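The values are calculated or read from the model by the stated rules, or taken from the named source; none is laboratory data. Quick caveat: nothing in here was measured; it's all calculated off a predicted structure. Positions of Cβ are generated from backbone atoms using ideal geometry, with glycine treated the same way; all protein chains shown enter the neighbour counts. For the accessible areas, the whole protein counts, side chains as well, though only heavy atoms, and no ligand, DNA or RNA atoms are used. Shrake-Rupley method; radii C 1.70, N 1.55, O 1.52, S 1.80 Å.
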Amino acid sequence: MMSETTIDFISLGCSKNLVDSEMLMGLFEAHGYSVTHDAEDPQGRIVVVNTCGFIADAKEESINCILEQTERKRLGEVDRVYVMGCLSERYLAELEEEIPEVDGWYGKFNYKQLLSDLTNVERREENGSDRKLTTPPHYTYIKISEGCDRHCAYCAIPLITGHHQSRPMEEILDEVRALVGRGVSEFNIIAQELTYYGVDLYGRQCIAELIERMAKIEGVRWIRLHYAYPAHFPWDLLRVIRENDNVCNYLDIALQHISDHMLSRMQRHVTRQETIDLIERMRREVSGLHIRTTLMVGFPGETDDDFQQLLDFTRWARFERMGAFAYSEEDGTYSAEHYQDDVPEDVKQRRLDRLMRLQQQISAEVEAAKIGQVMTVVIDRQEGDYYIARTEYCSPEVDPEVLIHSSEGQLQVGHYYKARITEAEEFDLYATIVQEEI
C-alpha cells in the first residue's frame, strides 16, 4: 500500500544533483517522512524529480521522466509530482506552461522551500549529519561550491547555476567530521570548478588549504578530487596530493581539446603548450598520478587537422581515465549564438568512435601494467560470485572496478584490503586478497 508520508525521490544527472537530493531527503526524514531514492518499487504518493539540464540528452531524459510521473498521477498511482534541479532552474516558464500537471517547480537553489511548502514548518539549519546518504555507507560526495565563472563557449552551466559560490571552509570541514562520525571514510570532492574554490570568499585559491585540512581529520581514509580547470592551476595542490597518503593520486581535470584553434574558439583561456606543460608537471610532481579528463569532438570549426592533434595528444598523454562526447549546441551559450554548428553529425560520430577506440587501447595497456602489483582496495558490494572493489585510482560509478572472487573468503563491504592484481581487461581488474588492512 502506498503511503501518504513517503516521498519517492528520483535523481538525474551528476553527483552534485545527488548531494542536493540527499540534503532534501534528510530534511524530510527529520520531519517525520519516509523517503526512497530511485526505488524499483515506489511506495509514496508524492514524487520529487531532481532534473539535469546540461546537454540535450540529459534534458530529454529529464523531460521524459517528468512525463512518466505525471502519467502516473493521471492514472491515480501518485497524488503529487514536484520537480527541482537544473532543468527547471533554466526553463521554468516554459515547463510550467508545457507540463501544468506538475504540482510545484523548484530550481537549483530554492528546492529546500519544498519542505516548508509541504510541512508548513520553517526550515532549520542543516549540516552533513542531516544528509540521507544514497551511496554505500563508506563513501560519499562533498560539494564545495556551486556555479562557475569560466564561461566556456559551449557550456550552459553558468546559465543554470550562476557565478561561482564557495561554501565556507569550516562548514565543509564540519560536514566531513559529521559524516566520518556516521562511518564514511571516502570523500569525493566535487564542484563545477574546484580549483577556483575560495576566490570569492577569501580572495585567493584555497583548494590546497581545504584539502590539506580535510586530510588531517581522523577517520578520513581517501579524498578524491573532481573537476579541476587547467588555466591558473593552483600548483600547491600537487604538493598536498603528494604529501598526504589519504589524498588519492587521482585528479579529474577536463581539458576538452588540444589544438590552439579549438581552445581559442572554446574560450578555454589556455594554450596547447600550457596544457602539455601542465600534464608534464603533474606527472613529474606526483608519481603514479591517475588523470581523468573529458575531451570534445565536433566543436564548430573543428578541422581534420584539429582532430588529428587531439588524437596525437591523447596518444602522448596516455590518460588513465578519459571520457569523450560530441558537441551539441546548447541554447544561450556563446557558441550557439556566434558559431554555426558546421561539423556534420556523421563526422562527429566517426571522430568520437576513433578517439574512444584509441582510449580503449590505452586503458587496456594501463590496466595490464598493474598485474602483479599489490594495491589497497575498498569493497563496495557483492554481485553474484564476486566482490566488487575499487582502488584509490577508481572513482565510484565512472571508473574501472576490481573483481575479487567470493572464494577468497568473507569480505566486508566498506573495509579496506591489500589485494594483488592477477588479471586485467580494458576497464576492469581481477585480484586476490593478501590481507585486511587495519
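Structure summary
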| item | result |
| --- | --- |
| Percent of Cα pairs exceeding the 26 Å cut-off, where the set is the range 134-281 | 27 percent |
| Options TYR197, LEU179, ILE217, ranked by Cα towards positive dipole end of the range 169-218, top entry (Cβ charges) | ILE217 |
| Candidate values (i) 45, 25, 20; (ii) 34, 30, 22; (iii) 30, 28, 18, label of the one derived for semi-axes √(5λ) of the Cα gyration tensor in Å | (ii) |
| Fraction of accessible area attributable to carbon and sulfur, the range 34-168 (%, probe 1.4 Å) | 47 percent |
| Within the chain, percent of DSSP bridges classed antiparallel, to nearest 5 | 35 percent |
| ASP245, ASP277, ranked by accessible area, largest first (probe 1.4 Å) | ASP245, ASP277 |
| Per-residue ³J(HN,Hα) for the range 269-283, Karplus 6.51 cos²θ - 1.76 cosθ + 1.60, θ = phi - 60°, Hz, x for Gly and Pro | 6, 8, 9, 4, 5, 4, 5, 4, 4, 4, 5, 4, 5, 4, 5 |
| Residue list for the range 135-165, given a label point 7 angstrom along the Cα-to-Cβ vector of ASN110 and an amide N cut-off under 19 Å | 147, 159-163 |
| Distance-filtered residues of the range 390-411 - backbone nitrogen under 20 Å, label point 7 angstrom along ALA368 Cα→Cβ | 400-403 |
| Hull shadow area, averaged, the range 1-95 [alpha-carbon convex hull, nm²] | 6.1 nm² |
| Cys residues of the chain counted as unpaired, since no other Cys beta-carbon is under 4.7 Å | CYS14, CYS52, CYS65, CYS86, CYS148, CYS206, CYS248, CYS394 |
| About the Cα centre, charge dipole magnitude for the range 45-151 (Lys/Arg +1, Asp/Glu -1 at Cβ), debye | 460 debye |
| Computed magnitude of the charge dipole of the chain (debye, nearest 20; Cβ of K, R +1, Cβ of D, E -1) | 1320 debye |
| Diffusion constant of the range 26-77 at 37 °C, which comes from Stokes-Einstein with the Kirkwood Cα-pair radius and 0.692 mPa s, µm²/s | 260 µm²/s |
| With eigenvalues of the C-alpha gyration tensor scaled by 5 and rooted, the range 130-209, Å | 25, 15, 10 |
| With every protein chain in place, the range 253-359: carbon and sulfur % of accessible area (1.4 Å) | 44 percent |
| The range 203-279, dipole about Cα centre (Lys/Arg Cβ +1, Asp/Glu Cβ -1), debye to the nearest 20 | 160 debye |
| Semi-axis lengths, Å, the range 172-214, gyration tensor of Cα atoms, sqrt of 5 times eigenvalues | 22, 11, 8 |
| For the range 371-420, with +1 on Lys and Arg beta carbons and -1 on Asp and Glu, the positive-most of GLN373, GLY384, CYS394 along the dipole | GLN373 |
| Å² per residue, accessible surface of the range 179-324 at 1.4 Å | 36 Å² |
| Cα-derived Rg over Rh, computed across the range 311-372 with Rh taken as Kirkwood radius | 1.14 |
| Per-residue HN-Hα couplings for the range 137-147 [Karplus 6.51, -1.76, 1.60; θ = phi - 60°; Hz; x = Gly/Pro] | x, 8, 9, 7, 10, 10, 8, 9, 7, 9, x |
| Signed unit charges on C-beta, dipole axis of the range 218-307, positive-most listed residue LEU289, TYR229, VAL270 | LEU289 |
| Descending semi-axes in whole angstrom, ellipsoid equivalent of the range 265-318, from the Cα gyration tensor | 23, 12, 10 |
| Translational D in µm²/s for the range 28-142 (Stokes-Einstein at 25 °C, 0.890 mPa s, Kirkwood Rh from C-alpha pairs) | 160 µm²/s |
| Rounded to the nearest 10 Å², the accessible area of LEU201 at probe 1.4 Å | 80 Å² |
| Pairs of Cα atoms farther than 18 Å apart, the range 53-103, % | 26 percent |
| Sites GLU94 and ALA56, calculated FRET efficiency, Cβ-Cβ separation with R0 22 Å, nearest 0.05 | 0.90 |
